[in-house]
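Since the structure comes first, as structure tokens, the remarks are kept for the end.
The values are calculated or read from the model by the stated rules, or taken from the named source; none is laboratory data. Nothing here was measured: the structure is a model prediction, and the numbers come from that model. Using ideal geometry, Cβ is built from the backbone for each residue, glycine included, and neighbour counts are taken over all protein chains shown.
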Amino acid sequence: MADARAVTVVVADDEWAWRESIVSVLSRREGVEVLGQAETAEDALRLVGRLHPHVALVDLEMPNMRGVELTRRIRDQHPETFVLVFTVSRTEEDVVEALQAGASGYLVKQDTRDPTRLCEVIRLAADGGAVLTGHGAAELVRRIARRRPPDPAAECGLTPRERDVLALVARGARNREIAHSLTITEQSVKNHVRSILAKLGAKNRTEATVIAQRLGITRPETL
């Protein structure tokens, strides 16, 4: 009879040998119950939907649908299931991508050979915790923390001058007022506004302001 207090798990990995070894290890541990295993991401998504495990242990690289997309779909469709990405990759980009998709943790296979430790990590994820394992994990966290936040204005291709003009447009300033404030001609303001509208895909100044606020380029309180 299954332990009602056990953490339930679904394992998804396209490598049969690795998947079977993980299932075998977890099946012999108290407090953890493997509900099923899947060779493809599609099968894993169906299993999660049918079995509702506490945790899905997901390989990063699988055919057709990558583990990141599987993670995103599980978290969107079955938020009661937490996801641990289980992979051989140590790259910072993969870690960030997995966490952004909603993974509760990122485990490097080579660094999680201790069954007791693996079960602890699974239980922690089931309790809503976050996990990052592997040699150099602490330094990786520090590097991610030091990353500069994305600049939405730069991503839209806005120049520094266009940002200044947009900030004043968002405050409701007219072309003459913008020209006076920035010490440029009204024609230059018109040119900048035309360019801003094109880059933001806006039809007019009001729509440009709304888009800028949504993207975080300007703030509603500046109005």
The residue that is surrounded by the most Cβ atoms within 10 Å (Cβ to Cβ), considering only those in the range 48-58 that are touching a residue at least 12 places away in the same chain (Cβ under 8 Å) and either outside the structural domain of GLU33 (by TED's automatic domain parsing) or over 18 Å from the mean Cα position of the chain (by Cα) (or both), is VAL48
Over the range 185-202, the set of residues farther than 18 Å from ALA153 by Cβ and touching a residue at least 12 places away in the same chain (Cβ under 8 Å) is LYS190
By my count, helices (runs of 4 or more DSSP H) wholly in the range 138-201 with at least 2 residues that are within 13 Å of LEU215 (Cβ to Cβ) and modelled with pLDDT of 90 or more are 160-170, 186-200
Selection from the range 194-204 of residues out of contact with any Asp or Glu (no Cβ under 9 Å at 6 or more places or on another chain) and surrounded by 14 or more Cβ atoms within 10 Å (Cβ to Cβ) yields ALA202
The condition of being modelled with pLDDT under 95, surrounded by fewer than 17 Cβ atoms within 10 Å (Cβ to Cβ) and among the basic types (Lys, Arg) holds, among ARG72, ARG113, only for ARG113
Expected single match for closer than 19 Å to LEU99 by Cβ, free of Cβ contacts under 8 Å to residues at least 60 places away in the same chain and in a loop (DSSP other than H, G, I, E, B) among GLU30, GLU61, GLU69 is GLU61
